[in-house]
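S.K.: Please see the structure below; I have some questions.
The values are calculated or read from the model by the stated rules, or taken from the named source; none is laboratory data. What you see is a predicted model; the values in this text were computed from it and never measured. Note that we place each Cβ from the backbone using ideal geometry, even for glycine, and neighbour counts take in every protein chain shown. Surface areas here come from the heavy atoms of the whole protein model, side chains and all, with no ligands, DNA or RNA. Shrake-Rupley method; radii C 1.70, N 1.55, O 1.52, S 1.80 Å.
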Amino acid sequence: MSVDERFVKSFDEPGEDERAGTRSEIVTGPVSDWATDFSHLEPEWAADPYPIQDDLRQRCPIARTDRFGGGWLPTRYEDVAAIAYDTDRFSSRSIIMSNFRPPPESAPVGGTPPISSDPPFHHDARKLLLPAFTKTAVARREESTRALCHELIDGLEGQDVVDAARDYAQHIPMRVIADMLGFPPEDGPRFREFIENALEGVNLPPEQRIANMDRLFDYLLEQIRDHVDHPRDDLTTYLIDAELYGHKLEAGHVAGTIALLLIAGIDTTWSAIGASLWHLAKTPADRRRLVAEPALLPTAMEELLRAYAPVTMARLVKHDMHWNGVDMKADDWILLSFPAANR
């Protein structure tokens, strides 16, 4: 059996600096006014956020809330883009707007690099991943992915009503990401649970959220240790062996990046596929046009990704400041809704 000292201890042992963060009072219930009390967790936002965003863009382009310990929601492209690129005044150390803020000392790495990382570390951590996502590397997965999609569609034969999100879209990224990471494909239900805990359980008590994340990282540690003992040609072994600044990656960096790929890689993909199918189902003219003009598919995919962008992430304000007409305080959340910006 191989031994890698980086992965001997559990990730959730006392002393993990993420536990030293700030916890906020949990506020739930109907929104009184989206301009002053917004919440991305309310049912009407989940059902159809676009009218809400359109209204705010006209009357209050940067909305405010006291929930989650205080935060802001820009809805204009110019504001979202400016904040996304302004790494001097906004930190990425936590990208899920919740009732828990990790301490400033967790920057520039963050818990799930590179998405949680600030410059200059972000550039190097991101560059480290690029070889796994070149056009050539991705193309190697195309044949098996197409075969999986056909298999899933064939399995729907004879059904009068199909839930395309549940029975089709969700299965594709779980299988592809599991294959990329070298994880057991039969663990798909566990992946779904990890994703729901991370992205939908935002208003759970912070201690419960931390316990849920502990279960995720316990699972990742189990998989990493198995890869240490049995190296193979996949992304997990690549990260275990990778070096940055002349040293192998810290254990938290390896596990955090794998967590990012597992959660964000699956959630964004099944959301994008599901939203695209939903659009075509409710807009039959677009579906008929694509059938008649298949050469439009690349354009359609880009446009569907724009209109139904599957990513909304957060930033944290670094210092008290007046920004574009509003007074932001240090550690205020900024919820960057890319769908709002793209519209």
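S.K.: Hey, among ARG146, ARG166, ARG126, which residue is open to solvent by 30 Å² or more (accessible area, probe 1.4 Å), closer than 24 Å to GLU196 by Cβ, outside any loop (DSSP other than H, G, I, E, B) and of a type in the set (D, E, K, R)? Outline the logic, then answer.
M.R.: Working: ARG146 fails: closer than 24 Å to GLU196 by Cβ; ARG126 fails: closer than 24 Å to GLU196 by Cβ.
Matching residue, one of ARG146, ARG166, ARG126: ARG166.
S.K.: For ARG190, state whether it is basic (Lys, Arg), within 18 Å of the chain's Cα centre (by Cα) and at pLDDT below 95.
M.R.: Values: basic (Lys, Arg): yes; within 18 Å of the chain's Cα centre (by Cα): yes; at pLDDT below 95: yes.
It is true that ARG190 is basic (Lys, Arg), within 18 Å of the chain's Cα centre (by Cα) and at pLDDT below 95.
S.K.: Being of a type outside the set (Lys, Arg), over 22 Å from the mean Cα position of the chain (by Cα), surrounded by 13 or more Cβ atoms within 10 Å (Cβ to Cβ) and assigned to a helix (DSSP H, G or I), is that true of even one residue in region 95-110?
M.R.: Within region 95-110, none of the residues are of a type outside the set (Lys, Arg), over 22 Å from the mean Cα position of the chain (by Cα), surrounded by 13 or more Cβ atoms within 10 Å (Cβ to Cβ) and assigned to a helix (DSSP H, G or I).
S.K.: Looking at (1) open to solvent by less than 30 Å² (accessible area, probe 1.4 Å); (2) in contact (Cβ under 8 Å) with a residue 40 or more places away in the chain; (3) within 28 Å of ASP37 (Cβ to Cβ); (4) in contact with a strand residue (DSSP E or B) (Cβ under 8 Å, 6 or more places away or on another chain), which one does ALA81 not meet, given that it meets all the others?
M.R.: Tallying (1) open to solvent by less than 30 Å² (accessible area, probe 1.4 Å); (2) in contact (Cβ under 8 Å) with a residue 40 or more places away in the chain; (3) within 28 Å of ASP37 (Cβ to Cβ); (4) in contact with a strand residue (DSSP E or B) (Cβ under 8 Å, 6 or more places away or on another chain), ALA81 fails exactly one: (4).
S.K.: While we're here: Confirm whether ARG232 is touching a residue at least 24 places away in the same chain (Cβ under 8 Å), over 29 Å from PHE100 (Cα atoms) and of a type in the set (Lys, Arg). Walk me through it before giving the result.
M.R.: Details: touching a residue at least 24 places away in the same chain (Cβ under 8 Å): yes; over 29 Å from PHE100 (Cα atoms): yes; of a type in the set (Lys, Arg): yes.
Yes, satisfied.
S.K.: Taking the options PHE38, PHE11, PHE68, name whichever one is at pLDDT 95 or above, in a loop (DSSP other than H, G, I, E, B), open to solvent by less than 70 Å² (accessible area, probe 1.4 Å) and of a type outside the set (Asp, Glu).
M.R.: Numbers: PHE11 fails: at pLDDT 95 or above; PHE68 fails: in a loop (DSSP other than H, G, I, E, B).
Result of the check over PHE38, PHE11, PHE68: PHE38.
S.K.: Right, something else. Any residue at all in region 217-228 that is aromatic (Phe, Trp, Tyr) and either farther than 21 Å from ILE263 by Cα or open to solvent by 80 Å² or more (accessible area, probe 1.4 Å) (or both)? Give the steps one after another, and end with the answer.
M.R.: As a first pass, look at region 217-228 and keep what is aromatic (Phe, Trp, Tyr): 217, 219.
Still in the running and either farther than 21 Å from ILE263 by Cα or open to solvent by 80 Å² or more (accessible area, probe 1.4 Å) (or both): none.
So far as region 217-228 goes, no, none of its residues is aromatic (Phe, Trp, Tyr) and either farther than 21 Å from ILE263 by Cα or open to solvent by 80 Å² or more (accessible area, probe 1.4 Å) (or both).
S.K.: Moving to a separate point now. Does any residue of region 28-44 turn out to be aromatic (Phe, Trp, Tyr), within 19 Å of the chain's Cα centre (by Cα) and closer than 27 Å to ASN197 by Cβ? Break it down stepwise before answering.
M.R.: At the first step, the residues of region 28-44 found to be aromatic (Phe, Trp, Tyr) are 34, 38.
Applying the additional criterion that residues be within 19 Å of the chain's Cα centre (by Cα) yields none.
No, because not a single residue in region 28-44 is aromatic (Phe, Trp, Tyr), within 19 Å of the chain's Cα centre (by Cα) and closer than 27 Å to ASN197 by Cβ.
S.K.: What number of residues within region 129-141 are open to solvent by 90 Å² or more (accessible area, probe 1.4 Å) and either over 23 Å from the mean Cα position of the chain (by Cα) or farther than 18 Å from THR269 by Cβ (or both)?
M.R.: Selection size over region 129-141: 2.
S.K.: Now a separate question. Filter region 132-170 for residues that are free of Cβ contacts under 8 Å to residues at least 40 places away in the same chain and closer than 26 Å to PRO113 by Cα and give the result. Lay out the reasoning, then the answer.
M.R.: Here is the first cut: in region 132-170, the residues free of Cβ contacts under 8 Å to residues at least 40 places away in the same chain are 133-163, 166-167.
If the condition is that a residue be free of Cβ contacts under 8 Å to residues at least 40 places away in the same chain and closer than 26 Å to PRO113 by Cα, then PHE133, THR134, LYS135, THR136, ALA137, VAL138, ALA139, ARG140, ARG141 are the ones that fit.
S.K.: I want to confirm something. Restricting to region 252-295 and keeping residues that are open to solvent by 50 Å² or more (accessible area, probe 1.4 Å) and either under 26 Å from the mean Cα position of the chain (by Cα) or among the aromatic types (Phe, Trp, Tyr) (or both), which single residue is nearest to VAL311 (Cα to Cα)? Break it down into steps so the answer makes sense when it comes.
M.R.: Taking region 252-295 as the starting set, the residues that turn out to be open to solvent by 50 Å² or more (accessible area, probe 1.4 Å) are 269, 277-278, 281-282, 284-289, 291-295.
Narrowing further to those that are either under 26 Å from the mean Cα position of the chain (by Cα) or among the aromatic types (Phe, Trp, Tyr) (or both): 269, 277-278, 281.
Details: THR269: 10, LEU277: 17, TRP278: 17, ALA281: 22 Å.
Top of the filtered list is THR269.
S.K.: Tell me which of these THR75 doesn't satisfy, since it passes every other one: (1) open to solvent by 10 Å² or more (accessible area, probe 1.4 Å); (2) in contact with a Cys (Cβ under 9 Å, 6 or more places away or on another chain).
M.R.: (1)
S.K.: Now for a separate question. If ALA178 satisfies every condition in (1) touching a residue at least 24 places away in the same chain (Cβ under 8 Å); (2) buried (at least 17 other Cβ atoms within 10 Å of the Cβ) but one, which is the exception?
M.R.: Going through (1) touching a residue at least 24 places away in the same chain (Cβ under 8 Å); (2) buried (at least 17 other Cβ atoms within 10 Å of the Cβ) one by one, ALA178 breaks only (1).
S.K.: Can you tell me which of (1) modelled with pLDDT of 95 or more; (2) within 23 Å of THR257 (Cβ to Cβ) is the one PRO185 doesn't meet?
M.R.: (1)
Residues checked against (1) basic (Lys, Arg); (2) at positive phi; (3) open to solvent by 10 Å² or more (accessible area, probe 1.4 Å):
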position: GLU302; (1), (2), (3): no, no, yes
position: ARG306; (1), (2), (3): yes, no, yes
position: LEU316; (1), (2), (3): no, no, no
position: ALA330; (1), (2), (3): no, no, yes
position: PHE338; (1), (2), (3): no, no, yes
position: ASN342; (1), (2), (3): no, no, yes
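S.K.: Quick one: which residue in ASP79, ASP88, ASP118 is more than 22 Å from PHE191 (Cα to Cα), modelled with pLDDT of 95 or more and outside any loop (DSSP other than H, G, I, E, B)? Quick ask: steps written out before the conclusion?
M.R.: Numbers: ASP88 fails: outside any loop (DSSP other than H, G, I, E, B); ASP118 fails: outside any loop (DSSP other than H, G, I, E, B).
After ruling out the rest, the residue left standing is ASP79.
S.K.: Another one. Looking at (1) under 30 Å from TYR219 (Cβ atoms); (2) open to solvent by less than 60 Å² (accessible area, probe 1.4 Å); (3) among the polar types (S, T, N, Q), which one does THR87 not meet, given that it meets all the others?
M.R.: Against the list (1) under 30 Å from TYR219 (Cβ atoms); (2) open to solvent by less than 60 Å² (accessible area, probe 1.4 Å); (3) among the polar types (S, T, N, Q), THR87 comes up short only on (1).
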